[in-house]
Structure formats: structure tokens, C-alpha cells
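Here is the structure we will look at.
The values are calculated or read from the model by the stated rules, or taken from the named source; none is laboratory data. Small disclaimer: the values here were computed from a predicted structure and weren't measured. Every residue, glycine as well, gets a Cβ built from its backbone with ideal geometry; the counts of neighbours run over all protein chains shown. In case anyone asks, the SASA skips ligands and DNA or RNA and just uses the protein heavy atoms, side chains included. Shrake-Rupley method; radii C 1.70, N 1.55, O 1.52, S 1.80 Å.
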Amino acid sequence: MSDLFGGLSAASPPQEPREDAPLADRLRPRTLAEVVGQDHLTGADGAIGRMVAAGRLSSMILWGPPGTGKTTLARLLADAVGMRFAPISAVFSGVADLKAAFAAARDAARAGQRTLLFVDEIHRFNRAQQDGFLPYVEDGTVTLVGATTENPSFALNAALLSRAQVLILRRLDEAALGELIARAEALTEKPLPLTEDARATLIASADGDGRFLLNQVETLQSIGIDNPLDPAALAELLHRRMPVYDKDREGHYNLISALHKALRGSDPQAALYYMARMLVAGEEPLYVVRRLVRFASEDVGLADPQALAQCLAAKDAYEFLGSPEGELAIVQACLYLATAPKSNAAYTAQKAAWRSARETGSLMPPANILNAPTKLMKEIGYGKGYTYDHDTDDGFSGDNYWPEEMTPQTFYDPVDRGFERKIRERIAYWEGLRNERGK
């Protein structure tokens, strides 16, 4: 890593890339004005635009998907304010590299040169390594610019986050990706051999990743194509970019949250879309089924008792058929949940009952409903006065089942929707009888 930190001279514009360099490198922006898709940051009113206008940078974390320009922005920031640019990657670097970087920054500071320390994949440093940045950021030895694809609130410790702004880079939209294609065509003087529909398909296939798009453009320009390709021919020639999705990271939790909210909002179309996003990206189908089972109890409950049965049937069907045939059963369960009447009364009842159980401790149930398997237990009143409900005319005794020290509680309050409407009527019927017997 020694080559990363040598030299104390002021920052200079990046060297022109070689003619045989990858297209993405040859098209790398030379100024902040050339950056596409991040105007909310680089514009005059954006956080980066204001810092550059003031001529002074604060430490920051650039958070965004791959191919949105995090590394390029860091380099251009250093150039824009005349800082020394020192890049380091958390993937390949350790404690020794960090110490060397900080030592070089101190030497540069003595010579009157400020250092922008760019840390790519900063989330890959552990908590102790992240703490190591703190004194050098606080005393101004370095201005830290970290880049990450992971949610900083999960990946970075609170102490580091309190000393840096989090700036969010957006996935490149259709207009930004279209601009990249236009720049590539102008630089290479080679129009893409695509129909308008195929051009739109190419942009969509990039899924917001500018680097991936330019690599696809370079591939197309390197192949001798006589007639413009339509979308079908383009799909045969190029692979589509796999969606950004880490099964144990934020993308995973974002999509399962979106699925759950769409189901709760009774939108079967959106629910099916988010479920498809997860499964197409490689999510384990049984994980999705587990979440559907949970939803059936939490958000549908007894408003439609078949909801839980549908989800468990989907699990059995998937395990029996496997992929891809079994995934249709998961789709069926998803659509059933989205269109079912909703109630969280069971979920609310559980939380209230659990809270009451913790608060009341070890209260004894009333003696009349306790079994008395021994003579002693009968002598002290266990089971005395118990009424066997089936022996009454209504099949209902109206006895009290609550501890003597406790006022009867209401945990479960069914909604007036779906099957719970009937349950509500049943509860009202039993309560009416209980009140009559109590009198």
C-alpha cells in the first residue's frame, strides 16, 4: 500500500486513461459538473455543492448502490478543494496500512497540505478498526470520506457516524443512464446497434448501475453487428444484471418489510411484486413462507382462520414439489393473505396477556378450578364448588376463572370484520350469560 500514500504535493487532476482502458474508466467524470444522477448532492444547493463552494470539506460517508459514482465523487472532491487524495480499501488493508496512511497525512499536514482519506468498502472494517479513525478525524489530520453499499446505521459504529455526514447516492435513473450511453457513443464515435426499444431494454437491464451499463455498451461496440438488435436479440446476446440483494443485509430487510406492508394494506399486486423481487434475486423460498405464516397469525388471525392453513399448505406443497413448481403454492398463499380480511386482535391480545402475566407474577387460580388428586388437596378446598359446564342446560356455568386478587381482564377484542364478527357475537353471548348468572 506504500504507493497510495507517498508524496506530499497538492492534488492534481487524474491522468488521462490509456486508449485501451475500459470504457467506464475513459468516461470517468473529470469535474463534479460531469457527474450524472446525483444532482441532489453536487448541485449548488446540495451538501457537496455547498462544501465545495465554501472550499472546505467535512468528513462524510457516501452510501449508495454499486456503480453510482462513490469513488469518482471522492476523487473529484479532493481535486475541487485542493486536497491530497489518499485512497485505501478496507478489503485489502489492515492496521499497518491505516497507521501508514495516518503518518503520511501528518507529514502532509506539517507541509501545509490537507489530506482526504478515502476508504472504500468502509463497512468491512470491524468496530475496533473504525474506532481507530476517531482521533485523526477529530484533530483534522484527515478528512474521512468512506464509501459503502451497506446501511451505515447497521454497518458503522455510532462514534464514527457522529463525526461524519451520511450522504445518500441514488441509483442512476433512466435519464442518467441514457446520458452515459450518449457520452459513450460520442467518445467512441460508434452509435449502438440497437432499436429504440432495445436501447430502453439495455438501460433497464443495468438496474441503476452505471459501471455495468458501460461494460455492456463496450461489449456491444466490440461485436460486429450488421443490423440493429431488437429487445429479444439483445437479451440473447447479453446477460441481465442480477438485482442488488444481500440475504443478510439491508436489501433483504427492505423487501420483506415492503412485502409485509403490502399484504397488510390488502394490495395483492404490490405484495406479489415484492415477493417476486426476493425470489428472483435468490431468496430461500421457505424463508418467504415463514414470513407469510407469521403474517397469517399477526395480521389476519381469526378474521379468516383459513389464512394460516393456506400458508402451511403452501409450505407442504413447496417441500413436496420443489422449485420452480412449488413456488406457485407460495404465490397462492401470498394472494390469499393480501385479499383476506385483516385483524391484529390475536397479536394485540398476545402482547397484553404476556404483559399482564409478567406484572401479576404467581397469583393462584381460584380453588374451585384446581384439580384435587390427593386427600389433602380436597381438604384445603381444591376443586370445591366447581361446576362441570356440560351438566348445565346451556353448557355454560358462568363460573369465575380469574385469581381472587385480580380483576377480570379483556385481552382479545375481535374486530367486526370477517369471521371475527361471528366470534365477537359468540363472546357477547357468553358474556351476557355470565352477567345473568352473576346476578
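Below, the figures for the structure above:
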| quantity | calculated |
| --- | --- |
| Count - residues of the range 319-351 that are open to solvent by 40 Å² or more (accessible area, probe 1.4 Å) and either in contact with a Ser or Thr (Cβ under 6 Å, 6 or more places away or on another chain) or outside any helix (DSSP H, G or I) (or both) | 5 |
| Qualifying positions in the range 139-150 - assigned to a loop (DSSP other than H, G, I, E, B) and surrounded by 17 or more Cβ atoms within 10 Å (Cβ to Cβ) | T141, V142, T149, E150 |
| Test: residue in the range 338-352 that is touching a Pro at 6+ places or on another chain (Cβ under 7 Å) and among the β-branched types (V, I, T) | yes |
| Of all residues in the range 252-281 being open to solvent by less than 30 Å² (accessible area, probe 1.4 Å) and at pLDDT below 85, the one that is nearest to G210 (Cα to Cα) | A281 |
| Qualifying residue in the range 125-133 (condition: closer than 28 Å to G37 by Cβ and surrounded by 13 or more Cβ atoms within 10 Å (Cβ to Cβ)) | yes |
| Number of positions in the range 53-75 that are more than 19 Å from E174 (Cα to Cα) and open to solvent by less than 10 Å² (accessible area, probe 1.4 Å) | 5 |
| Residue match in the range 380-391 (condition: of a type outside the set (V, I, T), in contact with a Gly (Cβ under 6 Å, 6 or more places away or on another chain) and farther than 22 Å from I256 by Cα) | yes |
| Q409, sole failed condition from (1) out of contact with any helix residue (DSSP H, G or I) (no Cβ under 7 Å at 6 or more places or on another chain); (2) open to solvent by 80 Å² or more (accessible area, probe 1.4 Å); (3) under 25 Å from A345 (Cβ atoms) | (1) |
| Any hit, the range 383-393, residues being modelled with pLDDT of 95 or more and more than 20 Å from R290 (Cβ to Cβ) | no |
| Residue tally, condition farther than 23 Å from T407 by Cβ and surrounded by fewer than 11 Cβ atoms within 10 Å (Cβ to Cβ), over the range 381-395 | 5 |
| Residues of the range 352-366 satisfying the condition of being surrounded by 11 or more Cβ atoms within 10 Å (Cβ to Cβ) and part of a loop (DSSP other than H, G, I, E, B) | L363, P365, P366 |
| Criterion violated by Q221 - all others in (1) at pLDDT below 90; (2) assigned to a helix (DSSP H, G or I); (3) within 30 Å of L156 (Cα to Cα) satisfied | (3) |
| Test result for Y429, of a type outside the set (D, E) and open to solvent by 70 Å² or more (accessible area, probe 1.4 Å) | yes |
| Answer from E189, E185 - the residue that is open to solvent by 70 Å² or more (accessible area, probe 1.4 Å) and either more than 32 Å from the chain's Cα centre (by Cα) or more than 19 Å from S58 (Cα to Cα) (or both) | E189 |
| Scan of the range 202-211 for residues that are open to solvent by less than 50 Å² (accessible area, probe 1.4 Å) and in a helix (DSSP H, G or I), ordered by number | L202, I203, S205, G210 |
| Qualifying residue in the range 97-111 (condition: within 27 Å of the chain's Cα centre (by Cα) and either within 25 Å of T68 (Cβ to Cβ) or in a helix (DSSP H, G or I) (or both)) | no |
| Test result for A164, buried (at least 20 other Cβ atoms within 10 Å of the Cβ), at pLDDT below 90 and more than 30 Å from V217 (Cα to Cα) | no |
| The range 113-126 residues that are in contact (Cβ under 8 Å) with a residue 40 or more places away in the chain, paired with ones that are of a type outside the set (D, E) and assigned to a loop (DSSP other than H, G, I, E, B) (beta carbon under 6 Å, 6 or more apart) | Q113/L8; L116/M83; I122/A90 |
| Selection count, the range 91-108, where residues are closer than 15 Å to A128 by Cβ and not charged (D, E, K, R) | 5 |
| Qualifying positions in the range 158-181 - over 18 Å from the mean Cα position of the chain (by Cα), part of a loop (DSSP other than H, G, I, E, B) and of a type outside the set (S, T, Y) | R163, A164, L172, D173 |
| Near pairs, Cβ below 7 angstrom, 6+ apart or cross-chain, from the range 26-48 (touching a residue at least 12 places away in the same chain (Cβ under 8 Å) and in a loop (DSSP other than H, G, I, E, B)) to any residue that is among the polar types (S, T, N, Q) and open to solvent by less than 20 Å² (accessible area, probe 1.4 Å) | R28/T72; P29/T72; V35/T72; G37/T68 |
| Selection within the range 367-386 - assigned to a helix (DSSP H, G or I) and touching a Ser or Thr at 6+ places or on another chain (Cβ under 9 Å) | N368 |
| In the range 21-42, the residues that are open to solvent by less than 20 Å² (accessible area, probe 1.4 Å), within 28 Å of the chain's Cα centre (by Cα) and more than 16 Å from T71 (Cα to Cα) | none |
